[in-house]
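Engineer: Submitted below is the structure of interest, expressed as structure tokens.
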Amino acid sequence: MEIGSGRIGSCSKEHQKIYQEWFNFADSDNDGRITGNDAIKFFGISNLSRPDLKQVWATADSKRQGFLGFKEFVFAMQFFSLAQEGHQISHDLLNGDDFENIKPPVMEGLDTLIMRKKQSSKSISLESNGSSSNQTSPASQWFSSKSSKKISLSSVTSIIDGLKRLYLQKLKPLEVAYHFNDFVSPLLTNSDFDAKPMVMLLGQYSTGKTTFIKHLLKTSYPGAHIGPEPTTDRFVVVMSGTDERSVPGNTIAVQADMPFSGLTTFGTAFLSKFECSQMPHPLLEHVTFVDTPGVLSGEKQRTQRAYDFTGVTSWFAAKCDLILLLFDPHKLDVSDEFKRVIYSLRGHDDKIRVVLNKADQVDTQQLMRVYGALMWSLGKVLNTPEVVRVYIGSFNDKPVNEAATGPIGKELFEKEQEDLLSDLKDIPKKACDRRINEFVKRARAAKIHAYIIAHLKKEMPAMIGKAKTQQRLIDNLEGEFGKVQRDHHLPPGDFPNVEHFKEILSGYNFDKFEKLKPKMIQAVDDMLGYDIPELLKTFRNPYD
């Protein structure tokens, strides 16, 4: 069960007042976060053993952010109470107790300490610190601050803050110098780091993508259209909001607190086919869903879209934590457009899961044949020796059609559904690790990009024949990539797509490119080899 999504972390108003006072006391720098150092000082007065404290922190900080917000803090306190009553600290406790009625734990001498603090600093208002969701961390000002190069370590109170600092100080200067944002990916903003984990659904029309999201939310969302024909004609981001509303794409792309500013590069033609659907929902507090237009097949493919569909899916794939490819038993063919979409997901293979939806429309014998045909189709497109994970089921609100599937089919679908739901539940827990992974991937890509641009600059003549040389370099780009790869001992699989790179290069004057700056490259190498491991070490479980 997710922290804060049900009974866990919730408590009576009376207890909440007590916990708020404790939280404010424990939060030494008033930033709405209990870091490892805060916890060591505060948790010690509970008189629990070190192994118990380690287990409590690990369970409360399930997202591995390196700090506890107010809800997680309340949850930790409730765990303390249970431990003091003699319960064994384990995950089984999560399902057993009525968390709302658990009394606050005994914290030895805490009242005296709070009184002393009040007397020594009467100016501090105890009500000013709420839960972490209402706090703005110092990091949010870094991106607009001109002095971003002088960010102090003391303002870093989580792994994500640390990544923001490293990005601004070490990676962004390299990206700006070598135009990484024009070739590969737009520069990162504050909201890119703080965005909730995303799940994208891809598939041909009428494979049940919108129904799948409605099934998980157990309700419809603003702007949801369902039908046997291609009904979802736009990219819809379903996310948490205070009230139910649909926000047009042009509006959402310019909002600084939203991670979609990069989509402006696809132009108005795309933004008019993009919208954000907001609604209050406990699941959406942890995960954002991306519903996509049905991939075209057959005759429909001749109708060209007004925007770069594969480019957009590729952009979302880089930001997403999970990509679900939906098929149904009557639509197993992989059309040309679907093939291009799947190719655009290269490099994100670890995020891809396949869902064979509406599986209760065929009997068990046909289902075996359908499954075999699906694996054969995918094998030709995904081009990997490993078998991709396929979930079989009927992900809608209707009961399973037992007349077709029989009792064995019903049991199979229920187990598969549980597996997929547990995969989705794990997303928020793995979000921080995923962000580190994507950050490291980006840093490597930026380094290779810098080597390529600097190499093209170096190959240009000093005076005569610049235009001819530039054209020759573009025509022989694959060979130039080979030279860069050999000169710097880089893995060939990390190099960008040659055709895409050629397309963008043609708009540049190579003479204006920067020469290789070894100091910048060294800064990124230091970040990968030293800074990131140090950061993870700083924000690991304080009781390790």
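Engineer: Exactly one of these conditions fails for residue 496: (1) open to solvent by less than 50 Å² (accessible area, probe 1.4 Å); (2) under 30 Å from residue 61 (Cβ atoms); (3) not polar (S, T, N, Q). Give me its number.
Structural biologist: Going through the list (1) open to solvent by less than 50 Å² (accessible area, probe 1.4 Å); (2) under 30 Å from residue 61 (Cβ atoms); (3) not polar (S, T, N, Q), residue 496 breaks only (2).
Engineer: Sticking with this structure for a sec: Find the residue count for region 428-450, including only residues that are among the β-branched types (Val, Ile, Thr) and either outside any helix (DSSP H, G or I) or surrounded by 15 or more Cβ atoms within 10 Å (Cβ to Cβ) (or both).
Structural biologist: Start the filter on region 428-450 by keeping residues that are among the β-branched types (Val, Ile, Thr), which leaves 436, 440, 448.
From what is left, the residues that are either outside any helix (DSSP H, G or I) or surrounded by 15 or more Cβ atoms within 10 Å (Cβ to Cβ) (or both) are 436, 448.
Result for region 428-450: 2.
Engineer: Here's something else I'd like to know. Which residues, counting only those in region 24-43, are assigned to a helix (DSSP H, G or I) and open to solvent by 40 Å² or more (accessible area, probe 1.4 Å)? Show your work before the answer.
Structural biologist: First pass over region 24-43, keeping only residues assigned to a helix (DSSP H, G or I): 24-26, 36-43.
25, 37, 40, 41 - these are the residues of region 24-43 that are assigned to a helix (DSSP H, G or I) and open to solvent by 40 Å² or more (accessible area, probe 1.4 Å).
Engineer: Return a yes/no flag: does region 444-453 have any residue that is among the aromatic types (Phe, Trp, Tyr) and within 30 Å of residue 539 (Cβ to Cβ).
Structural biologist: Step one: filter region 444-453 for residues among the aromatic types (Phe, Trp, Tyr), giving 451.
If we keep only those that are within 30 Å of residue 539 (Cβ to Cβ) too, we end up with none.
No, there is no match, as no residue in region 444-453 is among the aromatic types (Phe, Trp, Tyr) and within 30 Å of residue 539 (Cβ to Cβ).
Engineer: Here is a further query. Residue 291 - would you say it is acidic (Asp, Glu) and under 17 Å from residue 209 (Cβ atoms)?
Structural biologist: On the way: acidic (Asp, Glu): yes; under 17 Å from residue 209 (Cβ atoms): yes.
So residue 291 passes the test.
Engineer: Evaluate region 451-459: report whether one residue or more is outside any helix (DSSP H, G or I) and open to solvent by 60 Å² or more (accessible area, probe 1.4 Å). It would help to see each step written out before you state the result.
Structural biologist: Here is the first cut: in region 451-459, the ones outside any helix (DSSP H, G or I) are none.
No, region 451-459 has no match at all.
Engineer: Based on this model, can you work out whether residue 496 counts as of a type outside the set (Gly, Ala, Ser), out of contact with any Asp or Glu (no Cβ under 8 Å at 6 or more places or on another chain), in contact (Cβ under 8 Å) with a residue 24 or more places away in the chain and within 23 Å of residue 436 (Cα to Cα)?
Structural biologist: Details: of a type outside the set (Gly, Ala, Ser): yes; out of contact with any Asp or Glu (no Cβ under 8 Å at 6 or more places or on another chain): yes; in contact (Cβ under 8 Å) with a residue 24 or more places away in the chain: yes; within 23 Å of residue 436 (Cα to Cα): yes.
So residue 496 fits the description; yes.
Engineer: Got at least one residue in region 291-303 being more than 17 Å from the chain's Cα centre (by Cα) and either among the aromatic types (Phe, Trp, Tyr) or farther than 30 Å from residue 370 by Cα (or both)?
Structural biologist: No, region 291-303 contains no residue that is more than 17 Å from the chain's Cα centre (by Cα) and either among the aromatic types (Phe, Trp, Tyr) or farther than 30 Å from residue 370 by Cα (or both).
Engineer: Can you run down the residue pairs with Cβ atoms below 6 Å, 6 or more apart or on separate chains, where the first is in region 365-382 and in the same structural domain as residue 343 (by the TED database) and open to solvent by 100 Å² or more (accessible area, probe 1.4 Å) and the partner is not acidic (Asp, Glu) and not in a helix (DSSP H, G or I)?
Structural biologist: none
Engineer: Let me ask you something else. Scan region 282-310 for residues that are at pLDDT 85 or above, aliphatic (A, V, I, L, M) and not in a loop (DSSP other than H, G, I, E, B) and report the count.
Structural biologist: Adding up the residues that qualify gives 3.
Engineer: Are any of the residues in region 503-512 open to solvent by 50 Å² or more (accessible area, probe 1.4 Å) and at positive phi?
Structural biologist: no
Engineer: While we're looking at this one, here's another question. From the list 464, 427, which one is β-branched (Val, Ile, Thr), farther than 28 Å from residue 521 by Cα and in the same structural domain as residue 172 (by the TED database)?
Structural biologist: Details: 427 fails: in the same structural domain as residue 172 (by the TED database).
Going through 464, 427 in turn, the sole match is 464.
Engineer: Hey, another quick one. Residues of region 470-524 being polar (S, T, N, Q) and assigned to a loop (DSSP other than H, G, I, E, B), which ones? Before the answer, list the steps.
Structural biologist: Step one: filter region 470-524 for residues polar (S, T, N, Q), giving 470-471, 476, 485, 497, 506, 509, 522.
The answer is 476, 497, 506, 509.
The values are calculated or read from the model by the stated rules, or taken from the named source; none is laboratory data. Nothing here was measured: the structure is a model prediction, and the numbers come from that model. Glycine also receives a Cβ, built like all others from the backbone with ideal geometry; neighbour counts cover every protein chain displayed. These accessible areas exclude ligands, DNA and RNA; they are computed on the full protein's heavy atoms, side chains included. Shrake-Rupley method; radii C 1.70, N 1.55, O 1.52, S 1.80 Å.
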